[in-house]
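A.B. asks: Could you have a look at this structure, given as structure tokens, before my questions?
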Amino acid sequence: MRSRSSLLTFTLILGAALLIGALNLAVPPGAAMHAPDYIVSLAGKYTCYAILALALDLVWGFAGILSLGHAAFFALGGYAIGMYLMRQIGARGVYGSAVLPDFMVFLNWKELPWYWHGFDMFWFAALMALAVPALLASLFGYFAFRSRVTGVYLSIMTQALTYALMLAMFRNDMGFGGNNGLTDFKDILGFPLAAASTRVALLLASALALGLCVLLARFVVASRFGKVLVAVRDAESRTRFLGYRPESYKLTVFVLSAAMAGLGGALYVPQVGIINPSEFSPANSIEAAIWVAVGGRGTLSGAILGAVLVNLGKTVLTGALPDAWLFVLGGLFIAVTLFLPGGIAGTWFIRKPRGARAPAAGVREAAP
Amino acid sequence: MNSLLYIDGVTVSFDGFRALDGLSLVLAPGEMRAVIGPNGAGKTTMMDVITGKTRPDAGRVVFGADTDLTALDEPAIASLGIGRKFQKPSVFEHHTVADNLLLSLAGQRAPRRTLFARESAAERLRIEAILGTIRLTPYRDLLAGSLSHGQKQWLEIGMLLAQDPELLLLDEPVAGMTDAETAQTAELLREIRGTRSVVVVEHDMAFVRALDVKITVLHEGSVLAEGSIDHVSADPRVIEVYLGR
Ligand SMILES: Nc1ncnc2c1ncn2[C@@H]1O[C@H](COP(=O)(O)OP(=O)(O)OP(=O)(O)O)[C@@H](O)[C@H]1O
Ligand SMILES: [Mg+2]
């Protein structure tokens with residue numbers, strides 16, 4: 001049942017992306033059914049946010065780890081692809097250097113820093129978009145989980161992590177473009193980023209990635225591993241007395257989740273055309289937690305739904321009442337916490353688990 | 001004498017207060033032992049020490065021939081074959097009764113194993129057998145959180161059986177049970193007796209009497225008396241600190 005519903009989710013996501021893509025490319029502009037370019041890029045952005053939400057739901061909804069630093073993993077994935085996109089610009093930059101990105105020429109750097117090597121190759125950058133967040137998550141998680149840091153302390157540590165990264169990335173001498181970040185991208189894999197067809201392709205790639213992440217997440221949470229995760233979430237010390245090591249379970253899912261968030265960021269950056277240190281801002285991670293809370297943590301489709309709905313609200317509201325958004329977001333969070341603790345999906349979608357009903361009255365007698 | 005568990009002069013202090021004070025106790029393989037004593041005597045603390053939750057300030061806890069448990073942590077001790085039921089029933093409320101047992105079954109515990117583990121036919125049979133033993137067969141697909149208090153206690157005993165441990169530690173297994181449930185639990189314990197060693201902590205003297213095993217009386221962190229139920233209940237010191245209250 002469950003696996004069929006995630007196949008359905010997969011199909012819906014891909015179907016929606018294909019539809020938007022077709023309405024954009026195949027229907028001439030001006031026709032009533034034409035999907036304008038901004039719809040394509042909005043849908044692409046939402047899809048990437050949904051990947052982040054799914055990643056966060058894996059650790060928060062299923063393992064009870066409220067990470068308030070997940071946007072950092074997203075941003076790191078974004079920077080990795082951003083570095084590739086910078087190097088693709090080549091001599092077309094303002095300063096015309098074939099090797100050095102513009103900001104390095106501007107800083108009077110003579111050669112590429114060692115950690116920029118390899119990013120001229122797409123496969124390498126793509127690998128780094130997953131590996132760097134995973135590596136950071138494994139370092140952080142190893143120490144945090146081994147020391148049995150949990151609950152609000154862990155959340156605060158993740159906030160500190162993303163904040164520290166933001167401050168570091170703001171510095172010019174880090175070699176990631178300082179507060180301007182990485183931008184002015186030209187093309188990806190030889191295709192111009194400005195072309196409508198490239199944008200549709202990126203949307204489809206994001207939708208495919210999200211769909212595959214749903215299937216992967218479903219596999220993980222439905223496995224015995226996933227059952228142990230939920231057990232750890234609900235009664236961590238009990239799992240220890242059964243011989244499980246909660247810290248290794250948390251670490252595994254945290255690393256997987258960080259890589260997933262990195263994937264989201266990697267798909268996000270080519271579509272929005274910029275990555276800068278503000279993506280590490282602690283508020284971004286908190287926003288992601290609100291998407292998941294609104295959609296319904298502990299349900300995969302809920303996380304996706306929450307990311308899309310809240311961002312839809314944000315898009316509409318920031319257009320109409322730019323100053324009101326943060327208040328609405330805060331109010332939304334409080335309202336969901338008070339009145340809808342299971343989120344949208346947890347409240348309306350999920351059938352009661354098998355056996356949530358009491359067995360027939362006679363059964364109770366039969367069992368002593 | 002060869003022992004399964006040998007607690008040797010264990011002392012545990014909390015901020016200067018001695019919860020265990022030179023406690024010594026020997027348990028033979030296959031033996032069932034009842035531990036009684038007033039509130040705060042150190043019964044739960046003793047189980048904390050055996051299972052690695054609390055590290056003693058002094059003393060040794062030897063399991064089997066020569067494994068010093070005080071050097072190990074909880075998962076390692078659990079994997080050696082020591083299972084524990086908590087004073088407050090502790091089951092996984094969001095999992096079904098069957099899944100609670102599945103997660104408890106002896107087997108691989110590493111994430112890379114459980115990620116790809118499939119429920120084998122042998123495991124399913126074992127779960128069904130335990131469900132029968134703990135009388136929860138009709139409830140197999142119910143969420144554990146929806147069970148009654150007594151049923152949760154049984155489920156937790158079932159989880160211990162699923163672990164297939166050599167040593168079972170039961171902290172007040174009949175607390176909060178009705179008289180009928182208590183009698184059934186005593187019967188259940190008599191069924192598993194002999195197949196493995198069991199330490200039962202209980203306040204319910206009728207239950208302890210029904211078990212009909214050797215009794216250790218704890219008081220202020222050390223052993224006050226030891227012997228048959230008739231022997232300890234005739235001991236004036238036991239009557240004074242515990243039975244006569
Ligand atoms: N973590 C702790 N910190 C401080 N004091 C503790 C701690 N754990 C136990 N104690 C104290 O140690 C003493 C022994 O507690 P323990 O729980 O072992 O008693 P018990 O024999 O199980 O009692 P009961 O019959 O009430 O369950 C008590 O006085 C208790 O307050
Ligand atoms: Mg106790």
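What follows is calculated from the coordinates using simple rules that are stated; it is not laboratory data. Source: prediction; values computed, not measured. Methodologically, a virtual Cβ is constructed for each residue, glycine included, from the backbone with ideal geometry; neighbour enumeration extends over all protein chains shown.
A.B. asks: Rounded to two decimal places and with Rh computed the Kirkwood way over Cα pairs, what is Rg over Rh for the protein assembly as shown?
C.D. replies: Details: Rg = 29.8 Å, Rh = 27.5 Å.
For the protein assembly as shown, the value is 1.09.
A.B. asks: Quote the charge dipole size of chain A about the Cα centre in Debye, to the nearest 20; the model charges only the Cβ of Lys and Arg (+1) and of Asp and Glu (-1).
C.D. replies: With only Lys, Arg, Asp and Glu charged at Cβ, the dipole is about 1520 debye.
A.B. asks: Could you estimate the translational diffusion coefficient of chain B from the Stokes-Einstein equation, with Rh from the Kirkwood formula over C-alpha pairs, at 25 °C and 0.890 mPa s, in whole µm²/s?
C.D. replies: Stokes-Einstein gives a translational diffusion coefficient of 131 µm²/s.
A.B. asks: Pick from A:Met33, A:Met128, A:Met104 the residue whose mean-square fluctuation is largest in a GNM of chain A, springs joining Cα atoms under 10 Å.
C.D. replies: Maximum fluctuation in the GNM of chain A, among the listed residues, is at A:Met33.
A.B. asks: Can you show me the helix-derived [θ] at 222 nm for the protein assembly as shown, built from DSSP H runs with n ≥ 4 at -39,500 (n - 2.57) apiece and divided by the number of residues, rounded to the nearest 500.
C.D. replies: -17500 deg cm²/dmol
A.B. asks: Let me ask something additional. If amide H atoms are built 1.01 Å from N in the plane of the peptide, which residues on other chains or at least 5 residues away come under 5 Å of the amide H of B:Arg84?
C.D. replies: For B:Arg84, the qualifying residues are B:Leu169.
A.B. asks: Separate question: For the range A:99-113, just list the computed ³J(HN,Hα) in residue order, Karplus coefficients 6.51, -1.76 and 1.60, θ = phi - 60°, integers in Hz, with x standing in for Gly and Pro.
C.D. replies: Karplus values, whole Hz, x for Gly and Pro: 10, 7, x, 3, 5, 6, 4, 4, 7, 6, 6, 9, 9, 5, x.
A.B. asks: Continuing with the same structure: State the antiparallel share, in %, of DSSP beta bridges confined to the protein assembly as shown, rounding to the nearest 5.
C.D. replies: About 55 percent, rounded to the nearest 5.
A.B. asks: Something else: Give me the inter-chain shielding for B:23-31: mean count of other chain Cβ atoms within 10 Å, whole number please.
C.D. replies: The mean count of partner-chain Cβ atoms within 10 Å per residue comes to 0.
A.B. asks: Select from B:Ser90, B:Thr44, B:Tyr6 the residue farthest towards the positive end of the dipole of the range B:5-243; place +1 on Cβ of Lys and Arg, -1 on Cβ of Asp and Glu, and compute about the Cα centre.
C.D. replies: B:Ser90
A.B. asks: Considering the dipole of chain A built from charges on the beta carbon (Lys and Arg +1, Asp and Glu -1) around the Cα centre, which of A:Tyr268, A:Phe106, A:Ser155 is farthest to its positive end?
C.D. replies: A:Ser155
A.B. asks: In whole angstrom, and with the biggest value first, how far do the Cα coordinates of the range A:2-350 range along each principal axis?
C.D. replies: Rounded to whole Å, the extents work out to 63, 51, 38 Å.
A.B. asks: Moving on to the next point. Suppose R0 equals 51 Å. What FRET efficiency, 1/(1 + (r/R0)^6) with r the Cβ-Cβ distance, do A:Met174 and B:Leu125 give to the nearest 0.05?
C.D. replies: The calculated FRET efficiency here is 0.30.
A.B. asks: Also: Report, as an integer, the average count of C-beta atoms from other chains found within 10 Å of each Cβ along B:105-114.
C.D. replies: Mean partner shielding for this stretch: 5.
A.B. asks: Rank B:Leu167, B:Leu143, B:Leu155 by mean-square fluctuation in a GNM of chain B with C-alpha springs under 10 angstrom and give only the top-ranked residue.
C.D. replies: So, out of B:Leu167, B:Leu143, B:Leu155, the one fluctuating most is B:Leu143.
A.B. asks: Further, regarding this structure: Taking the Cα centre of chain B as the origin, how large is its charge dipole in debye, to the nearest 20, when only Lys and Arg (+1) and Asp and Glu (-1) carry charge on their Cβ atoms?
C.D. replies: 540 debye
A.B. asks: Can you list the HN-Hα couplings for the range A:138-143, worked out from phi with the Karplus curve (6.51, -1.76, 1.60; θ = phi - 60°), rounded to whole Hz and with x for Gly and Pro?
C.D. replies: 6, 5, 4, x, 4, 6
A.B. asks: Follow-up question, since we're still on this one. Taking the Cβ of A:Trp60 as the center, what net charge do the other residues with Cβ under 13 Å away carry, scoring Lys and Arg +1 and Asp and Glu -1?
C.D. replies: Working: positive: A:Arg233, A:Lys250, A:Arg297; negative: A:Asp57.
Taking every other residue near A:Trp60 into account, the sum is +2.
A.B. asks: Which is farthest toward the positive dipole end of the protein assembly as shown among B:Ser24, A:Ala195, B:Ala58, measuring Cα position about the Cα centre, with Cβ charges +1 (Lys, Arg) and -1 (Asp, Glu)?
C.D. replies: Of the candidates, A:Ala195 comes out farthest on the positive side.
A.B. asks: Report ³J(HN,Hα) in whole Hz for each residue of the range B:22-32, in order, from the Karplus equation J = 6.51 cos²θ - 1.76 cosθ + 1.60 where θ = phi - 60°; Gly and Pro get x.
C.D. replies: Here the 3J(HN,Hα) series is x, 6, 10, 7, 10, 10, 7, x, x, 7, 10 Hz.
A.B. asks: Here's a follow-up. How long is the range A:223-299 along each principal axis, judged by its Cα atoms, biggest number first, in Å?
C.D. replies: Here the spans come out as 50, 23, 22 Å, largest first.
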